[in-house]
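The values are calculated or read from the model by the stated rules, or taken from the named source; none is laboratory data. If you're wondering where the values come from, they're calculated on a predicted model, not measured in any experiment. So basically every Cβ, Gly included, is an ideal-geometry build from the backbone, and we count neighbours across all protein chains shown.
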Amino acid sequence: MKSKIYTTSAPAPIGPYSQAVKAGGFVFVSGQIPLDPATGELETNDIEKATRLVMNHIHHILQAAGSDMDRVVKATIFLSDMNHFAAVNRVYGSYFTGDTPPARETVEVARLPKDVPVEISVIALAE
């Protein structure tokens, strides 16, 4: 059994996917990009602001699923430029306060949707 998770505090999906799906005791959050759901504007000029926006989307989606950031067990970060790694890492790390940060990989890719600089997906324990 699986259920779709949706919140207006994060961007609506731009394709045939859900913001997140809850199944088997986990919440699978789709890759989030720095798109402001209120204005439809992209943040592409400041990597720290872009990362903060993405992490806030993830936070809101997890809340809608009855989970939270401390329950994230796995994260994947996609960067359009690995030179942004340190800045993204600083912002990303500020969202995890527990003793056990999630497992993670960070990869540089040739291109991301809407030419954004960062996209992040996570898997978290459900409520």
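Figures for the structure shown
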| item | result |
| --- | --- |
| Candidate set from segment 71-100 (those that are buried (at least 16 other Cβ atoms within 10 Å of the Cβ) and of a type in the set (S, T, N, Q)); member that is nearest to Gly25 (Cα to Cα) | Thr76 |
| Residue list for segment 71-123, filter: touching a Leu at 6+ places or on another chain (Cβ under 9 Å) and among the charged types (D, E, K, R) | Arg71, Glu108, Lys114, Asp115, Glu119 |
| Pairs with Cβ under 6 Å, 6+ apart, first in segment 29-40 and surrounded by fewer than 19 Cβ atoms within 10 Å (Cβ to Cβ), second assigned to a loop (DSSP other than H, G, I, E, B) and acidic (Asp, Glu) | none |
| Among (1) surrounded by fewer than 12 Cβ atoms within 10 Å (Cβ to Cβ); (2) modelled with pLDDT under 95; (3) within 25 Å of Ser3 (Cα to Cα), the one test that Ala103 misses | (2) |
| Answer from Val54, Val21, Val27 - the residue that is within 19 Å of Lys74 (Cβ to Cβ), among the hydrophobic types (A, V, I, L, M, F, W, C) and touching a helix residue (DSSP H, G or I) at 6+ places or on another chain (Cβ under 7 Å) | Val27 |
| Any hit, segment 50-57, residues being in contact with a Ser or Thr (Cβ under 7 Å, 6 or more places away or on another chain) and surrounded by 13 or more Cβ atoms within 10 Å (Cβ to Cβ) | yes |
